[in-house]
Amino acid sequence: MSLIPFRTKRSSGMEGGNLTTLADFRHEMNRLFEGFFSRPTAFVPGWLEPTEPGQWMPAIDLSESGTQIRVRAELPGIDPKDVDVSVSGDRLMISGEKKSCTEESGEGWSHCESHSGAFSRAIPLPESVDPAKVTARYDKGVLMVELTKSPSSTSRKVPVLTK
Amino acid sequence: MTTSAMKTAERPAAAPTEAETTLTYQPNVDICDCGREVLIVADIPGAHTDGIDVSFEDGVLSLHARVPARELPGRAVRQEYGIGSYRRSFRLGDDFDASQITASYRHGLLTIHVPRLPAVRPRKVEVRAG
């Protein structure tokens, strides 16, 4: 993966721009270190590639239990109407846009660390899911997507027949 | 805003309590010097208002948010978020009215309004024609 910051929209001031880059760098290094020491799967190819150049990519948690798959993404400060969630086969796509602090509230913003601009992430799911049985909920800045595995992919105990 | 106002204090104003065994993260913040006040907006997703503490002491604004455990049920396939609380401090100086500081929480954003004391607010001086 790349350590180049995901964001392209920056505050115009030199100082603010440098500081936001440092914030990105710190965040990314924290994530890398945690992933390296505790989660070897963090380096599985294909997981951390942004879907569109220039967009930022939210981090996720993903879990699987029985017929359910749950995906959690932290998207603070985003209007739920600006988040798109779509499913295709065994791939979940989360995308949207967050306004930068300077766009939203005018002048005076000298220090912008939070992610802003368009974001997207394509998340490979461990199994195919039923597109009709997907729910997405946004609460306190956290997006929670619950998916139901499609019947064809749900594991099934196969009886062993005898003659 | 003065440079000192934007600096993160070198040390948190309050040391973590012994009960805190999880990691502590610095939330990303946006800061505005809006003249009459300084506005600080911090990314603190998943918190509850009763788990957020904001204090102002000796010119240092501190925020601390405890976030409930974020593990998803089932087998974790991917876990990119750490579990812990948020803590950050800002050295703003003494030109602020501590009694009028307000904070609100919505959509995972903690917004803190820190008003300046009336005596130090920027004032536009009208120039009269002679």
message: I need the full set of residues from segment B:85-111 which are small (Gly, Ala, Ser), assigned to a strand (DSSP E or B) and crowded, with 16+ Cβ neighbours inside 10 Å, in order please.
response: B:Ser85, B:Ser89, B:Ala103
query: What number of residues in segment A:135-163 are open to solvent by 40 Å² or more (accessible area, probe 1.4 Å), modelled with pLDDT of 90 or more and hydrophobic (A, V, I, L, M, F, W, C)?
result: 1
Residues (open to solvent by 30 Å² or more (accessible area, probe 1.4 Å) and farther than 21 Å from B:Ile31 by Cβ) located in segment B:58-80: B:Arg66, B:Pro68, B:Ala69, B:Glu71, B:Pro73, B:Gly74, B:Arg75, B:Ala76, B:Val77, B:Gln79
message: Restricting to segment A:86-97, give me the number of residues that are open to solvent by 50 Å² or more (accessible area, probe 1.4 Å) and either in a loop (DSSP other than H, G, I, E, B) or closer than 25 Å to A:Lys149 by Cα (or both).
response: 5
field: strands (runs of 3 or more DSSP E) completely within segment B:27-76 that count 1 or more residues being more than 10 Å from chain A (Cβ to nearest Cβ)
entry: B:52-57, B:60-65
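The values are calculated or read from the model by the stated rules, or taken from the named source; none is laboratory data. Just so it is clear, the model here is predicted, and its values are computed rather than measured. Every residue, glycine as well, gets a Cβ built from its backbone with ideal geometry; the counts of neighbours run over all protein chains shown. The area values use the complete protein model at the heavy-atom level, side chains included, leaving out ligands, DNA and RNA. Shrake-Rupley method; radii C 1.70, N 1.55, O 1.52, S 1.80 Å.
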